[in-house]
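This report refers to the structure that appears directly beneath it.
What follows draws every value from the coordinates through simple rules; no lab data is involved. Everything numeric in this text was worked out from a predicted model, so none of it was measured. With ideal geometry, Cβ positions are generated from the backbone for all residues, glycine too; neighbour counts draw on all protein chains shown.
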Amino acid sequence: MTTPVLSLKGVRKSFGPVEIIRGIELDVVPGERHAVIGPNGAGKSTLFHLISGQFAPTSGDILLDGLPIGGMPPHLVNRQGLARSFQITNIFPGVSVFENLRLAVMRRFGLDYVFWRRASRMKAVTQLADELIAQVRLERRATTLASELSYSEQRSLEIGMTLASDPKVILLDEPMAGMSHEETEYTTGLIRDITKGRTLLIVEHDMDVVFRLSDRISVLVYGQIIATGSPAEIRGNAQVREAYLGEEAH
């Protein structure tokens, strides 16, 4: 079996007496698109917070390429090769698409607080920003203020900023939330394109997107993963259908 790039071993998270994550075991292998699904309150956002460093686990281990990252602050997790986008779009609305991406690339080079150099002189930074604009299909919007983009375009920009650190593992938290059918179709195709050769862990409520996009799916219910498998295996799993999918699995 391929060595996992991301591995959770017996991960638990409690807030006071309330245990939200209850002994999760999860392996994500390099290059796969892996979805986490589950009902509201299952612990999906908490799980992402644990992996990306917003929360420290109460117990258990989180490994990225075999190295422990559990409890490491988010900026250090990012430096180890994991990047995350959030449910709420996280961009700089008052500057252009290009400047958003250039700022993100500058962080990768440790240049975000270097005020005495002209950003325009940083050829490598500019080149990477241009490449990211092309990857997320926003070339025609390069000079547009981020605040003037459509919602799906803002999500595309945020995905581009997530890619700026050249991560081994990308976490996307409900990227289709609030989108129309057309926007969802566009963003699904974009995610499929930009994650080729990368590892994706995604939380998404749109089951059609999940089953079309994912190589494997894990089902989280009450803080525990009750099943992991291919889309066909999950669709046909009686326990999953009873616990979560219901009629959506038909």
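Among Arg107, Arg84, Arg212, Arg140, rank each residue by its count of other Cβ atoms within 10 Å, from fewest to most, as a rough exposure measure.
Ordered by Cβ neighbours within 10 Å, fewest first: Arg140, Arg212, Arg107, Arg84.
Here are some values of Cα extents along the principal axes in Å: (1) 57, 39, 37; (2) 51, 38, 29; (3) 101, 45, 27. Which one was computed from this structure?
Label of the calculated value: (1).
Quick one: check the C-alpha center-to-center distance for region 180-250 versus region 4-55, whole angstrom.
One Cα centre to the other: 15 Å.
Using each residue's phi in region 166-182, evaluate 6.51 cos²θ - 1.76 cosθ + 1.60 at θ = phi - 60° and report the 3J(HN,Hα) Karplus result to the nearest Hz, with x for Gly and Pro.
6, x, 6, 10, 10, 10, 10, 9, 6, x, 9, 4, x, 8, 6, 4, 5
Name the lysines eligible as straight-distance cross-link partners of Lys9: C-alpha to C-alpha under 29 Å, and not fewer than 8 places from it in the same chain.
Hits, sequence-local ones excluded: Lys44, Lys168, Lys196.
Count the net charge of all other residues whose Cβ sits under 10 Å from the Cβ of Arg216, scoring Lys and Arg as +1 and Asp and Glu as -1.
Its environment carries a net charge of -3.
Could you state the angle between the C-alpha long axis of helix 123-135 and the longest principal axis of the C-alpha atoms of the chain, as a value from 0 to 90 degrees rounded to the nearest 10?
50 degrees
By per-residue mean of other Cβ atoms within 10 Å, what is the highest-first order of 59-65, 132-138?
Top to bottom by mean Cβ count within 10 Å: 132-138, 59-65.
Counting other beta carbons within 10 Å of each Cβ, put Tyr186, Tyr151 in order, fewest first.
The most exposed by this proxy come first: Tyr151, Tyr186.
Work out how much length Tyr222 to Ala142 would gain on full extension: take 0.36 nm times their residue separation and subtract the Cα-Cα distance, in nm to one decimal.
Using 0.36 nm per residue and subtracting the Cα-Cα distance, I get 24.5 nm.
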